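Encoded as structure tokens, the structure appears first; notes follow it.
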Amino acid sequence: MISKSLALKVLNECLSTGGDYAEIYVEETTNQSVELENGKVNSSNESKTYGVGIRILNEFKSVYGYTSDTTQTSLMNLAHSLAASYSGIRKITVEKIAKKRVNNINKIDDHLIDVPVEEKIALLKECTAEAQSVDPRIVRVMASFGNSHRNWELFNAEGPVASQIVNTEERGRLYVAALAAGEDGKIETGGVAPGRSDGWHWFKELDYKAKSRRAAEVAIQNLSAGECPSGVYPVVITNGWGGVLFHEACGHPLEASATAKKQSVFSESIGKQIASKLVTAYDDGTIPNEWGSNSIDSEGVKTHKNCLIKNGICTGFMVDRLNGRRLGMEPNGTCRRESYKYAPTSRMSNTYIAAGKDDPEQIVKDTKLGIYVNNFGGGSVNPMTGEFNFSASEAYIIRDGKICEPVRGCTLIGSGSEVLMNIDRVGNDVDLGQGNCGASSGMVPVNVGQPTLRISAITVGGRGGKLE
Amino acid sequence: MKVAKFFELAKANGISECQLTVSQSKTTGFQIFHGSLEGFEISDDISIKACGVVNGKLGASSTQKVGKGCFEFLIDGILKTAKISEKEGEASIFPGSKKYHKKNVYNPELVKTPIEDKINMALSLEKEILAYDSRISEVTVIQYEEKETVSEIYNSHGLKLKDKGNYFIMYAGVAAKDGDKVKENYEISYGTSLSSYNKDEFIKNACDGVISKFGADSCNSGKYPTVLKNSVFASIANYFIHSTIAEEVQRGSSFLAGKLGTKIASTKINIAEKPLLPNIFFSYFDDEGVAKENKDIVKNGVLKTYLYNTETAKIDGVESTGNGRYAGGRLATSFSNIYIKGGKATFDEMIAPINEGVYITDIQGLGTGMNARSGDFSCQAQGFMIENGKVTKPLTLITLSGNLFKMLNEVTAFDNNEKLTLSSIICSDILIKSMSIGGK
């Protein structure tokens with residue numbers, strides 16, 4: 001993508017004013033998407049993201065610059081301007097560049113980029129027909145497929161021998177959203193969005209018909225759902241995408257970008273109990289072909305299975321190079337970025353609460369009065385205070401150990417430190433769900449995950465008054 | 001860039017009409033942390049979008065890889081995407097408007113001010129925030145960013161348009177500690193000129209905002225007269241504006257379908273789009289090259305127009321309102337500088353008659369808590385109680401819920417505290433007769 005000799009020149013220019021680490025990230029990504037509305041191709045797009053990001057560290061300081069002009073003049077100018085932020089004398093001269101091998105964990109033979117768009121359209125038409133077949137009140141079905149193929153190259157140096165790393169990331173995601181219209185003008189939606197770092201066969205073998213029907217069923221169900229009650233209740237959260245609560249309330253505050261500057265509720269928590277003893281949690285970027293997986297991170301560090309919480313005790317953070325320096329910790333393969341336009345930092349990959357011992361059905365049976373959340377729309381957290389909010393897109397009332405009537409407009413609010421301690425049942429059915437997570441280094445694909453679990457008490461916001 | 005060459009190549013490939021959009025941006029930014037310059041960022045970026053009509057269907061592509069093969073990639077993308085399009089109707093490229101209200105809002109002074117001055121400005125801001133009150137424990141970050149953008153549109157009908165703008169954003173995160181309680185707040189200032197940055201006001205907002213959160217508690221669940229701070233009202237109003245987009249209406253997924261010319265909100269509600277206001281959101285043409293105009297959207301509670309691009313305008317037999325936007329290969333709709341008319345009373349005067357109410361200063365999670373179609377929403381909120389006409393104890397971990405359209409029919413008053421928010425909405429604080437607050 002850029003020549004080794006140019007990389008060498010640029011790295012040395014970067015390090016001319018006393019920087020102790022320099023990197024060049026070169027990216028060329030092809031994005032393809034096609035979207036159907038009610039079974040007809042509404043739009044499609046093919047685009048290319050292309051550019052270079054250069055970063056120079058000097059102890060705890062970082063300078064970053066990017067450009068889509070990858071000529072020698074442009075890159076040398078950029079390196080020069082960035083280096084001008086430091087005023088020291090050269091500590092490192094890069095003499096050579098050695099290529100580092102990457103063991104690709106996401107092996108793919110049938111690349112999505114090679115699949116004729118007509119095949120993708122055919123699959124989307126099937127999804128549409130399934131969703132439409134559920135109920136005549138399904139008035140609109142949006143079905144789309146998007147995939148990206150990113151080739152990137154990293155040159156980085158901390159000493160006289162720089163590394164060159166070449167990597168490819170491929171991902172695809174299917175979206176089906178159904179819109180239901182009620183007689184009174186009420187409109188509700190339901191959706192599914194499975195994704196993976198995998199080939200076309202995975203999508204073909206996926207039970208996309210059942211998933212499409214489910215999207216429509218939820219939309220229909222929400223048409224007649226009553227308003228969610230408000231108050232403090234036990235809440236049972238389903239496996240898979242339910243883990244978004246953990247992602248927000250606990251995952252973000254465990255990123256070194258928050259803990260290194262003591263700006264997280266968990267900054268001083270290593271070795272301390274931060275969750276119920278039933279909770280063990282990992283961030284694992286190494287699961288082959290998963291949505292959030294990668295062979296190496298944006299700094300060229302191999303991804304790991306990092307244990308964050310073991311039996312309720314905080315055991316580690318997600319650590320990138322820069323924040324690791326503040327913490328005195330080694331980077332652990334969690335440094336990520338959306339594209340060359342973002343300086344990379346510690347982020348989650350596939351983050352999940354590990355399986356416990358309970359039978360998920362028994363957890364519901366043992367709950368007298370509460371809320372069952374089967375799907376979340378999303379949520380956000382303030383890492384400093386740990387306060388979070390989540391909105392459920394599919395929820396039910398639990399009465400006498402049974403899942404009863406659906407409710408809509410359900411929001412869960414609380415603080416991460418409290419809710420983790422209040423987890424009193426953990427099921428044995430761990431699963432993952434796909435999402436896109438936004439933070440300072442842009443949007444990155446992440447898996448969230450958990451088994452079915454119960455929070456003994458959490459504030460539920462809704463407009464349906466008190467639960468009786 | 002040899003634009004003519006692109007049009008030639010397009011024609012030779014059977015593309016009957018086409019448009020090329022070139023967007024360039026340059027940024028400079030830095031972060032201050034604990035008294036020193038911790039991060040510095042610069043960028044120089046370009047993106048080229050192309051769209052064209054092949055056999056009556058629209059195709060689109062984009063790239064950042066300029067140089068050899070760039071035009072070929074774009075044309076190949078147009079051909080491929082147009083071929084599979086099943087969109088009804090004959091696509092076309094807008095030739096150009098008769099008149100454009102061009103203005104120069106680019107401020108050369110901003111870039112002339114040396115970066116060292118801006119860094120010193122941020123460093124002294126940090127010092128003064130820390131000195132404001134003994135409970136201020138930390139300035140979590142100060143971020144400064146300056147951006148310069150140039151956008152150009154060319155089409156095969158001979159249209160050439162160019163717009164250049166720049167702006168700065170200053171952001172400070174502030175934390176305060178009282179015993180073992182930590183509270184956080186942030187403040188943002190932005191504009192085309194540094195003279196619009198008022199340091200004293202910035203510090204006061206940042207610090208008073210965080211200190212006032214101490215002792216915050218939930219309140220009893222119930223219905224209260226509710227004041228929404230201008231920034232909160234803007235976040236919610238954003239969904240209302242979205243419902244006026246013609247595409248949503250034509251699909252039947254907007255609550256406002258069939259409501260044109262009817263009363264849909266309190267007579268106190270007046271909403272206009274003023275894209276020609278010379279602020280950081282100024283623009284005089286949309287992504288299709290249609291001239292932008294200021295216009296009423298809601299007048300005394302009556303819905304006056306939907307927002308159109310050329311495609312949706314054709315369906316309704318009207319002219320585009322200059323709201324076209326190309327996004328991800330399709331023609332969508334956007335808006336800028338939405339102006340919601342405020343009132344004459346001050347904030348204190350507006351809340352004086354409230355015996356027991358709630359003042360919401362911040363909300364989170366509206367993105368997932370809002371059903372944009374029905375207008376039902378529920379989100380986490382923070383704010384204060386209003387008792388006997390005065391702002392009293394702070395509130396946290398409460399939920400605010402209601403229905404957007406119902407809310408706009410239950411407006412009691414606006415104050416005169418108009419603010420331009422980063423969501424491109426200008427509005428003041430608003431008092432709603434009654435809203436649901438979830439708490440204890």
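Quick note: the coordinates plus some simple rules give every number you see, no bench work behind them. Note that the structure is a prediction, hence the values are computed from the model and not measured. Neighbour counts run over all protein chains shown; Cβ positions are idealised from the backbone, glycine included.
Quick notes on this structure:
- Shielding of A:33-45 by partner chains, average beta-carbon count, 10 Å: 6
- Local electrostatic count at B:Gly402 - Lys and Arg +1, Asp and Glu -1, tallied over other residues with Cβ under 10 Å: +1
- Counting only other chain Cβ atoms within 10 Å of each residue's Cβ, the peptide A:137-145 averages 1.
- Distance between the pseudo-spin-label points of A:Lys272 and B:Glu201 (7 Å out from Cα toward the beta carbon): 4.1 nm.
- Peptide ranges B:388-398, B:181-191 listed from the most packed, as the mean C-beta count within 10 angstrom indicates: B:181-191, B:388-398
- Principal axis extents of the Cα atoms in the protein assembly as shown, from largest to smallest and rounded to whole angstrom, are 71, 67, 61.
- Calculated FRET efficiency for the pair B:Ser92/B:Phe214, C-beta based, R₀ 51 Å, to 0.05: 0.25
- Sequence ranges B:121-128, A:315-322, B:158-165, B:143-150, ranked by mean other-Cβ count within 10 angstrom, highest first: A:315-322, B:143-150, B:121-128, B:158-165
- Amide proton proximity set for A:Glu227, modelled H, under 5 Å, gap of 5+: A:Arg408
- Across peptide B:136-143, the average count of Cβ atoms from other chains found within 10 Å of a residue's Cβ is 1.
- Overall, the anisotropy analysis places segment A:253-338 in the oblate class: the square-rooted eigenvalues a ≥ b ≥ c of its C-alpha gyration tensor yield a/c not less than 1.5, with a/b not exceeding b/c.
- Segment A:105-149 versus segment B:258-285: alpha-carbon centroid distance in Å: 38
- Computed magnitude of the charge dipole of segment A:4-224 (debye, nearest 20; Cβ of K, R +1, Cβ of D, E -1): 540
- Mean ellipticity per residue at 222 nm, deg cm²/dmol - from DSSP H runs of n ≥ 4 across chain B, formula -39500 (n - 2.57): -6500 deg cm²/dmol
- Considering only Cα atoms, the convex hull volume of segment A:39-155 works out to 223 Å³ per residue.
- Taking amide H as placed 1.01 Å from N in the peptide plane, A:Ala439 has its amide H under 5 Å from the amide H of A:Val444, each at least 5 places away in sequence or on another chain.
- Look at the alpha carbon pairs under 8 Å that are at least 6 residues apart: their mean separation over the length of chain A gives a relative contact order of 16 percent.
- Each residue of segment A:102-113 was assigned a 3J(HN,Hα) from its phi angle through the Karplus expression (A = 6.51, B = -1.76, C = 1.60, θ = phi - 60°), giving 10, 8, 5, 8, 9, 6, 9, 9, 9, 4, 4, 5 Hz with x at Gly and Pro.
- Globularity index of segment A:4-224, i.e. its alpha-carbon radius of gyration over 2.2 N^0.38 Å: 1.41
- Taking θ as phi - 60° and the Karplus parameters 6.51, -1.76 and 1.60, the scalar couplings of segment A:338-344 work out to 6, 6, 4, 7, 10, 5, x Hz in sequence order, x denoting glycine and proline.
- Descending by average beta-carbon neighbour count within 10 Å, the peptides A:54-66, B:166-178 line up as A:54-66, B:166-178, the highest first.
- Amide H contacts of A:Phe376 (H built 1.01 Å from N, under 5 Å, at least 5 apart or other chain): A:Ser393
- Cβ-based charge dipole, segment B:191-236, positive-most Cα from B:Ala234, B:Phe202, B:Thr192: B:Ala234
- For segment B:127-222, the square roots a ≥ b ≥ c of the C-alpha gyration tensor eigenvalues yield an a/c of 1.5 or more together with a/b exceeding b/c, which makes the shape prolate.
- Only helices enter the 222 nm calculation for chain A: every DSSP H run of n ≥ 4 contributes -39,500 (n - 2.57), and dividing by all residues gives -5500 deg cm²/dmol, rounded to 500.
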